[in-house]
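> Sharing a structure here in structure tokens format.
The values are calculated or read from the model by the stated rules, or taken from the named source; none is laboratory data. Keep in mind it's a predicted model, so treat the numbers as computed, not measured. Cβ placement follows ideal geometry from the backbone for every residue including glycine, while neighbour counts extend to all protein chains displayed.
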Amino acid sequence: MSQPVAEGGKTGTDPAEAVTVCTVVPNASSIIRIDHLTKIFRERNRTVTAVDDVTFEVWRGEIFGLLGPNGAGKSTLIRMLTTLLHPTSGTACVDSYDIIRAPEKIRGIIGVCPQNSTLDIELTAYDNLEFYGKLVNVDDSILDSRILELLEMAELADRAHMKVQTFSGGMRRKLEIVRAFIHHPLILFLDEPTIGLDPEARHEVWQQIAKLNEEKTTIILTTHYMDEAEKLCNRIAFVDKGRLIALDILENLKQLIPAGDLIEIGFDRMDEGILSVIRGMALINSVEIKGTRLIISAKNGSKVLPEIVAVFEKFSVPMTSISIRSPSLEDVFIHLTGKKLDDGQNQDAKPARGGIPR
Amino acid sequence: MIRGAVAIFKRDFKKFLSNPFVVIMTLMMPIMYLVIFGNAFGGTISHVPVGVVQEVPPYNDTPLFTSAAAALNHIPQKDYPKLLDVTVYTDEKKAKQDLARGLISAVIVFPSEISNDHAVRLYVDSSNSIIPALVESAVRGVLASLGAHNPVTVNKIYGDIKYIQFFGVGVIMMAIFTSTMFGGGIALIRDREAGIHEGYLVTPVKRTSIIAGIISSGTVRAFIAGFTIFLIDILITGITIQSVEVFLLVLLVILIACIGVTSLVVSFASRFSAQQEYASVVAFLNLILFMTSGAFYPVIGMPDWLRWITIINPEYYGVDALRGIILRGQGLDVIGMDLIALLIFSGAMFILGIATYRRTLE
């Protein structure tokens, strides 16, 4: 009864605009075009801008990653694209259909695997697929063979007639992903496909996603796991606090931070002298303190590390740990937003089960 | 130990207070029990429609008839409206027809003169558990006050109907209602909570199809419950089914009632997101609809404001139709109105169900 009410803004639903935006040349390179999309939730006297003026395109056939911390607005964005929520303003086109004007058309060409499972765990794997197949109009004459094919693909053929509640988390996830694929959708939306899975199950899910992409399906996935985005995605969009921060292929994203390696040194106490000496050294890009760690970005990390250690010894400051690594996607994210991906501060914005992200 | 107990107490209480809707419903329930139970059962029966008719010959009204009819029409009840509404018939046959159609509850046939060998014949609708006795005592009282010592013969036109038979028919409706409310409705909300509905929403399946599917499965479940109670009624309460037509007619009424009640439940269950809120509303609805259905106690005994609820209560029409068929052996000609009312109700609820089902998550 206390569902938040979305703002009734109708900007961007101008009919003339919507029609012209979505009529598209066949074989165009983009399959989704998002234009100044905004979603504001209003609950009592609190307003939350979950998606804030986002504009980008997804290309046909790619695996597109939406990467951001919990509560960044990824799920809300997906829910608007999958016609579950109306945008407050702005438009988006999925293939040649407008998400506001032709939601039914869109539902026919997409497959969705939401963050929270929508499997009926009291039914068998086969029955779940059969039920869903009928909802998405898979022809009865091919439905049975299609189900068996999908179960084979998910390596669940031997469990076809077991209830889903006996399945592990990984098996359920794989079943749900192939279920979304039952009608060969043009676009597959996967919202946090590997959340809560163990490493082995995650690898299996990744393989499966890659396999589905080989069948010329465009895949859009959201995740807050760096490695997932790095492994799977052609292009990655960074999202934080509802805004699009960066969008590019992995290699280009990594160039957003000054080239070099990252050296992290743990300490109990710090001497200002050390900092100034290190800052003065050649090859050093930046030096900063995060809690009890000193983070140094350097052009040739392994070469400068002995010198840094020497500085510490000279000031007789003990080090508790040393690590050196090449920058990861996470470092890019920290560089762009100033915070870590799974920072705890956004926890309260996690979407409620079956409801709406607050 | 104390700390843990206090922590749990605080958490539970916080949750209780955080849902004002449930708090209000919790307080409303006993109040509603008081008001509805009290009025549905404690109400004084008044305005019972009865027919009076003068035996022929003679073809003109005798003084006994005129004064008795007038007296019956003006039986005062302290603080309440009069007991009987008398309609004067000139033709005994016509009066009995109206009785059979349920338009009046009793027919009183007066003999030509005051005498010991001319009986006052009383025909009562014995499918009602309470009214026959009231009418009989009213007739005896009026005769006594007029100094007429004629004997009174009572004819129960539907034979002896025990209260359990009267009540048993009402329980068929209750079974339909409870199985839908607590079975179907909760299942719907659980499916919603489990995200299964979110799964429907991203498929091209139409809103109408979703509602039609949910209602038809719920209808079949409710039908099984109603039919089972019907069979139990036959076995335990001793009601008799005269013919195959009667049996089929009963099934038809149960089916239509099931569609109506299921549509009602689906139309509002689809708006609830939490089981707790739904459950408190259901308990409330179950109370008000069952109590005003006439299953326990004749609707005629209820105060006017409660009778207004009866008019929009599908259970009332269901109970009335089932009693008509099972206890009074009436056919479609009499219970047709009940069926039409049930169908209108079902149709309205079906449309409401479609209109209120959210196609998005908002």
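> Six or more apart or on different chains, Cβ atoms under 6 Å: show the pairs whose first residue is in region A:104-115 and on the phi > 0 side of the Ramachandran plot and more than 7 Å from chain B (Cβ to nearest Cβ) and whose second is surrounded by 22 or more Cβ atoms within 10 Å (Cβ to Cβ) and assigned to a strand (DSSP E or B).
Correct list of pairs: empty, since none qualify.
> Now for a different question. Do we find that A:ILE142 is assigned by TED's automatic domain parsing to the domain that holds A:ILE249 and either under 26 Å from the mean Cα position of the chain (by Cα) or assigned to a loop (DSSP other than H, G, I, E, B) (or both) in this structure? Walk me through it before giving the result.
Values: assigned by TED's automatic domain parsing to the domain that holds A:ILE249: yes; either under 26 Å from the mean Cα position of the chain (by Cα) or assigned to a loop (DSSP other than H, G, I, E, B) (or both): no.
Criteria not met by A:ILE142.
> Is there a residue in region A:68-77 that is within 14 Å of another protein chain (Cβ to nearest Cβ), farther than 23 Å from A:LYS231 by Cβ and touching a residue at least 40 places away in the same chain (Cβ under 8 Å)? If you could, list the steps in order and put the result at the bottom.
Start the filter on region A:68-77 by keeping residues that are within 14 Å of another protein chain (Cβ to nearest Cβ), which leaves A:75-77.
Next cut, farther than 23 Å from A:LYS231 by Cβ only: A:76.
Now narrow it down to the ones that are touching a residue at least 40 places away in the same chain (Cβ under 8 Å): A:76.
Yes: one or more hits.
> Which one of the conditions (1) at pLDDT below 85; (2) surrounded by 16 or more Cβ atoms within 10 Å (Cβ to Cβ); (3) assigned to a strand (DSSP E or B) does A:GLU288 fail to meet, given that it meets all the rest?
(2)
> Being among the small types (Gly, Ala, Ser) and at pLDDT 90 or above is the requirement here; does A:GLY61 meet it?
On the way: among the small types (Gly, Ala, Ser): yes; at pLDDT 90 or above: yes.
When the stated conditions are applied, A:GLY61 passes them.
> Every residue in region A:238-261 that is assigned to a strand (DSSP E or B) and either touching an Asp or Glu at 6+ places or on another chain (Cβ under 6 Å) or small (Gly, Ala, Ser) (or both), please. Steps first, please.
Taking region A:238-261 as the starting set, the residues that turn out to be assigned to a strand (DSSP E or B) are A:238-240, A:243-249, A:261.
Of everything in region A:238-261, those that are assigned to a strand (DSSP E or B) and either touching an Asp or Glu at 6+ places or on another chain (Cβ under 6 Å) or small (Gly, Ala, Ser) (or both) turn out to be A:ARG243, A:ALA246.
> Just wondering, is there one or more residues in region A:152-172 that are in the same structural domain as A:THR217 (by TED's automatic domain parsing), modelled with pLDDT of 90 or more, under 22 Å from the mean Cα position of the chain (by Cα) and of a type in the set (D, E, K, R)?
Within region A:152-172, one or more residues are in the same structural domain as A:THR217 (by TED's automatic domain parsing), modelled with pLDDT of 90 or more, under 22 Å from the mean Cα position of the chain (by Cα) and of a type in the set (D, E, K, R).
> Touching a residue at least 12 places away in the same chain (Cβ under 8 Å), more than 25 Å from B:PHE230 (Cα to Cα), touching a helix residue (DSSP H, G or I) at 6+ places or on another chain (Cβ under 7 Å) and not in a helix (DSSP H, G or I): does that describe B:PHE272?
Values: touching a residue at least 12 places away in the same chain (Cβ under 8 Å): yes; more than 25 Å from B:PHE230 (Cα to Cα): yes; touching a helix residue (DSSP H, G or I) at 6+ places or on another chain (Cβ under 7 Å): yes; not in a helix (DSSP H, G or I): yes.
Yes; evaluated as a whole, the condition is true for this residue.
> For region B:295-312, indicate whether the set of residues that are surrounded by 17 or more Cβ atoms within 10 Å (Cβ to Cβ) and within 14 Å of chain A (Cβ to nearest Cβ) is non-empty.
no
> Looking at region A:325-342, can you tell me whether even one residue there is more than 21 Å from A:LEU247 (Cα to Cα) and among the aliphatic types (A, V, I, L, M)?
Checked against the condition, which is being more than 21 Å from A:LEU247 (Cα to Cα) and among the aliphatic types (A, V, I, L, M), region A:325-342 yields no hits at all.
> Now for a separate question. Of the residues in region B:47-68, how many are in contact (Cβ under 8 Å) with a residue 40 or more places away in the chain and touching a strand residue (DSSP E or B) at 6+ places or on another chain (Cβ under 7 Å)? Don't jump to the end; show me each part of the working.
Looking only at region B:47-68, we keep the residues that are in contact (Cβ under 8 Å) with a residue 40 or more places away in the chain, and these are B:47-55, B:57-58, B:62, B:64-65, B:67-68.
Still in the list and also touching a strand residue (DSSP E or B) at 6+ places or on another chain (Cβ under 7 Å): B:47-55, B:62, B:64-65, B:68.
Count: 13.
> Looking at A:LEU148, A:LEU135, A:LEU123, which is the one that is more than 30 Å from A:ALA28 (Cα to Cα), of a type outside the set (D, E, K, R), within 11 Å of another protein chain (Cβ to nearest Cβ) and more than 26 Å from the chain's Cα centre (by Cα)?
Working: A:LEU148 fails: within 11 Å of another protein chain (Cβ to nearest Cβ); A:LEU135 fails: more than 30 Å from A:ALA28 (Cα to Cα).
Selected residue: A:LEU123, the only one of A:LEU148, A:LEU135, A:LEU123 that is more than 30 Å from A:ALA28 (Cα to Cα), of a type outside the set (D, E, K, R), within 11 Å of another protein chain (Cβ to nearest Cβ) and more than 26 Å from the chain's Cα centre (by Cα).
> Being acidic (Asp, Glu), assigned by TED's automatic domain parsing to the domain that holds B:VAL266, surrounded by 15 or more Cβ atoms within 10 Å (Cβ to Cβ) and more than 24 Å from B:LEU289 (Cβ to Cβ) is the requirement here; does B:GLU245 meet it? Reasoning before the result, please.
Values: acidic (Asp, Glu): yes; assigned by TED's automatic domain parsing to the domain that holds B:VAL266: yes; surrounded by 15 or more Cβ atoms within 10 Å (Cβ to Cβ): no; more than 24 Å from B:LEU289 (Cβ to Cβ): yes.
Spelling it out, it is not the case that B:GLU245 is acidic (Asp, Glu), assigned by TED's automatic domain parsing to the domain that holds B:VAL266, surrounded by 15 or more Cβ atoms within 10 Å (Cβ to Cβ) and more than 24 Å from B:LEU289 (Cβ to Cβ).
> Hey, could you check region B:193-220 for residues that are over 27 Å from A:LEU81 (Cα atoms) and of a type in the set (Ser, Thr, Tyr) and say which is nearest to the other protein chains (Cβ to nearest Cβ)?
Filtering region B:193-220 for residues that are over 27 Å from A:LEU81 (Cα atoms) and of a type in the set (Ser, Thr, Tyr), the one nearest to the other protein chains (Cβ to nearest Cβ) comes out as B:SER217.
> In this structure, does B:ASP91 turn out to be closer than 18 Å to B:VAL48 by Cα and either in contact (Cβ under 8 Å) with a residue 24 or more places away in the chain or touching a His at 6+ places or on another chain (Cβ under 9 Å) (or both)?
Numbers: closer than 18 Å to B:VAL48 by Cα: no; either in contact (Cβ under 8 Å) with a residue 24 or more places away in the chain or touching a His at 6+ places or on another chain (Cβ under 9 Å) (or both): yes.
So B:ASP91 does not fit the description; no.
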